1. Mean residue ellipticity at 222 nm from the helices of the chain, using -39,500 (n - 2.57) per DSSP H segment of n ≥ 4 over the full residue count, to the nearest 500 deg cm²/dmol?
2. Please arrange Y270, Y448 by accessible surface area, largest first, computed with a 1.4 Å probe and ligands excluded.
3. What number, in percent, do you get for the relative contact order of the range 75-189 if the mean sequence gap of Cα pairs under 8 Å and at least 6 apart is divided by its residue count?
4. Could you work out how far helix 25-36 tilts from the main Cα principal axis of the chain, as a 0 to 90 degree angle to the nearest 10?
5. So what is the relative contact order for the chain, in percent, with contacts set as C-alpha pairs under 8 Å and at least six apart?
6. Just want to confirm a number: the relative contact order over the range 193-328, from Cα pairs under 8 angstrom separated by 6+ residues, in percent.
7. Within the range 188-251, which chymotrypsin sites (Phe, Trp or Tyr not before Pro) sit in a loop by DSSP and count at most 10 neighbouring Cβ atoms inside 10 Å?
8. For a quick check of your reading of the filter: which trypsin sites (Lys or Arg not before Pro) in the range 108-199 sit in a DSSP loop and have no more than 13 other Cβ atoms within 10 Å?
Amino acid sequence: MEIKNIIGETTEYDKKLKLEVKKPKSWCKSISAFANTLGGFLIFGISDDNQIVGLETPDKDAELISEIIKTRLNPIPEFKISFHTEDGNVLLIVQVFKGEETPYYYSGDGLLEAYVRIGNESVKASPIELKRLVLRGRNTTFDSQNSMYKVEDYAFSKLRERYKKWTGNSFDEKDLVSFGLATEDGYLTNAGALIADESPIRYSRIFCTRWNGLNKSGGTFDALDDAEYEGSVISLIDNGEAFIKRNAKMMWKKTANSREEMPEYVERSYHEALVNAIAHRDYLINGSEVHIDIYDDRLEIYSPGGMPDGSNIQERDPVTVPSTRRNPVLADVFNRLGYMERKGSGFAKILDNYAFQVNYTDEKKPYFRSDRYQFTVIMPNLNYRGTQDGTQDGTQGGTQEGTQDFDTLIMNMIEENNKISAKIMAEKLGVSLRTVRRLIKENDQIEYVGHGFSGYWKIK
């Protein structure tokens, strides 16, 4: 039997073989988790291998379930009990609706515990998740909460500069209140504290590292470049992008009338990923920052906090994921400043802008990874290919087509400057000096005339 035929294709559900009256926690935690997240179904009368067994006394079980929910769950979530008959066997289906008075606790055995859905499991809410549920139950979010910081103690030059640049209008002091960045009595909201030039929220920083190799211990020197930025989230975006540009190379090849640029990383894609990381990260998680990690073969942007609905992004189609704004005030300000759109098309933009590049292949498609505590965007280096002997040279693939591309680029550089050094060629291509020397040696169209610095390259 297909359970989706009963409850729908995308609905969250749990199943139980029978009602365990003496162990209510075994199934009440699912009721709590569904109410605390997006709702779901609990089906009684199905075995673990999806065989319909049915219940012997479904009417009595329904009464007991209703009674136990009302005595064990606090507050009592909205739920509906129905029956479904299949081949003479009666299933009991409890539909739990998404709650508005979170957190919904299970009370029993001297414990008061709240549960959430993570993937297809109901797990005990962590302290951070519990804080988030409390805020949701109050119909508020972290960024809209009032802070202890006074408006008069902070400057907003970054905000004013960006607003003027994007809209052509001046940003007035009263706009702080209308934007949700300050209160009428002169205090900043948390969103205001994040946007202030000298942000007092220390864990809003970003850490940036260009690693040497394919992982965090990939070479003699672990890091080739690193930086730590703090201050306004507006300056974090600017500084983060500048770090990526500083550590990314641009390849190009000649065409009949011009030349085609082939970036390692797509600016529009990593801009979108960085803005989303800062706008949607979970600021309730103290001591964890946004990280930009650049390796030889990829760029990763990590932010604290998983998907708001508890799902794992790698198990879903990112293009169809509905927009959920964890920090709606901050997201609204970013929209007003031209950093992001209200419709939430970030995932699609990251993918589409990569696919548009001339050096894109399906193997270079960005992908996303999340769990309960983090979200990471992984963007492959479009120009990275591996050598045939498996060593790291800043390239990946080793295909004949890739070799021909590099040969063309090397010959183009020689045509523009026949005294260019192999070292500069390597830097422009983003590969090792050894690789350039090998490619030149294998290309019978290129020869070096003369010796040392006085010589020059010649295309036969």
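The values are calculated or read from the model by the stated rules, or taken from the named source; none is laboratory data. The shown structure was predicted, so the numbers you read here are calculated from the model rather than taken from an experiment. Neighbour counts run over all protein chains shown; Cβ positions are idealised from the backbone, glycine included. SASA here: full protein model, heavy atoms, side chains in, ligands and nucleic acids out. Shrake-Rupley method; radii C 1.70, N 1.55, O 1.52, S 1.80 Å.
1. Values: 14 runs with 145 residues, N = 460.
Helix contribution divided over all residues of the chain: -9500 deg cm²/dmol.
2. Y448, Y270
3. Rounded, it is 17 percent for the range 75-189.
4. Roughly 60 degrees between the two axes.
5. Value for the chain: 10 percent.
6. Averaging sequence separation for qualifying contacts and normalising by length gives 24 percent for the range 193-328.
7. On the way: sites: Y203, F207, W211, F221, Y229, F243; in loops: F221.
Here the chymotrypsin sites (Phe, Trp or Tyr not before Pro) that fit, given the DSSP loop and packing criteria, are F221.
8. For trypsin sites (Lys or Arg not before Pro) across the range 108-199 that sit outside H, G, I, E and B with at most 13 neighbouring Cβ atoms in 10 Å, the list reads R138, K174.
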